Structures are given as structure tokens and as C-alpha cells.
Amino acid sequence: MSWFKKIVDAVRGSEDFSDIKSSSLRDILNGDILTKKFFQKQYGLVIMIAVLAFLYIDNRYYCETQLATEIELKKKILDAKYESLTISAELMEISRQSNVMKAVNDNGLGLIENTTPPIVIEDSIAKK
């Protein structure tokens, strides 16, 4: 805490606060206090603080919008994953041999199931 007192004492010793001490509440409310010599020296600091505040607010808004976009995209990915799993399960159900035979019989195509396994024909010319 002693370092803070040293800084305050240094500021008090180098600045003339007599014009600020003579200011009244009326000067503060109507803005005349900003025309005092001490505050005129600090305009650069006030502008810098205002710019940093605007940048901080802008950065926070940008981060919140990015976070909202990320959450929305994660929901879309999850929905697409579930839809893909549903379609895959439906395809597996439809392509089962029993369901294929049932669909053939329901549509009256007159096809019959082959009871003999397929024969592999070897090509002796292609092996050479």
C-alpha cells in the first residue's frame, strides 16, 4: 500500500488542484469542470480509455456471436448424424433377404429364390 501512497503524493505534488477544489456541484453537472486545466491535460487518457472500452465491448460481442454459431452448427451436425443413422437402419431393414422376397411377392413379379449357389468361372487366359 505504501507504493500507492507514493504515487498519490507524487501526483499531488506535481499538479495544481486549486481550480478543481473551487468547483461546485453546478460546474460538475453542466460540464464546466471539463474546461479546467487538470482535465484538459487528461483528454488523451480519456480518449484512450474510451477506445479500449469500445474494443472490449466489440470483442465480447464477436465472441458471443461466434459461440452462438458454434452451438448452432453442433446441433446441425448432431441432427445430420441421427438422420444418417436412421436412413442406414432403414436401408439395412429393406435390404434383408426376407424383406426383399416379401416385396417381390407383394408386387407380383413372379421371381423365385435361387437355391443353388453361384458358380465361379475361372479364366485361364487372364491368369497368364
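Every number here is computed from the coordinates shown, using simple stated rules; none is lab data. Note that the structure is a prediction, hence the values are computed from the model and not measured. Cβ placement follows ideal geometry from the backbone for every residue including glycine, while neighbour counts extend to all protein chains displayed.
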*Quick one: is Phe54 over 44 Å from the mean Cα position of the chain (by Cα) and among the aromatic types (Phe, Trp, Tyr)?*
no
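Residue-by-condition table, conditions (1) under 30 Å from Glu113 (Cβ atoms); (2) touching a residue at least 12 places away in the same chain (Cβ under 8 Å); (3) surrounded by 10 or more Cβ atoms within 10 Å (Cβ to Cβ); (4) not basic (Lys, Arg):
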{"site": "Tyr62", "(1), (2), (3), (4)": "no, no, yes, yes"}
{"site": "Lys74", "(1), (2), (3), (4)": "no, no, yes, no"}
{"site": "Leu78", "(1), (2), (3), (4)": "no, no, yes, yes"}
{"site": "Ala89", "(1), (2), (3), (4)": "yes, no, yes, yes"}
{"site": "Met92", "(1), (2), (3), (4)": "yes, no, yes, yes"}
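Every residue, every condition in (1) over 30 Å from Ile28 (Cβ atoms); (2) more than 23 Å from the chain's Cα centre (by Cα); (3) assigned to a helix (DSSP H, G or I), yes or no:
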site	(1), (2), (3)
Val46	no, yes, yes
Cys63	yes, no, yes
Thr69	yes, no, yes
Lys74	yes, no, yes
Ala80	yes, no, yes
Glu90	yes, yes, yes
Leu109	yes, yes, no
Asn114	yes, yes, no
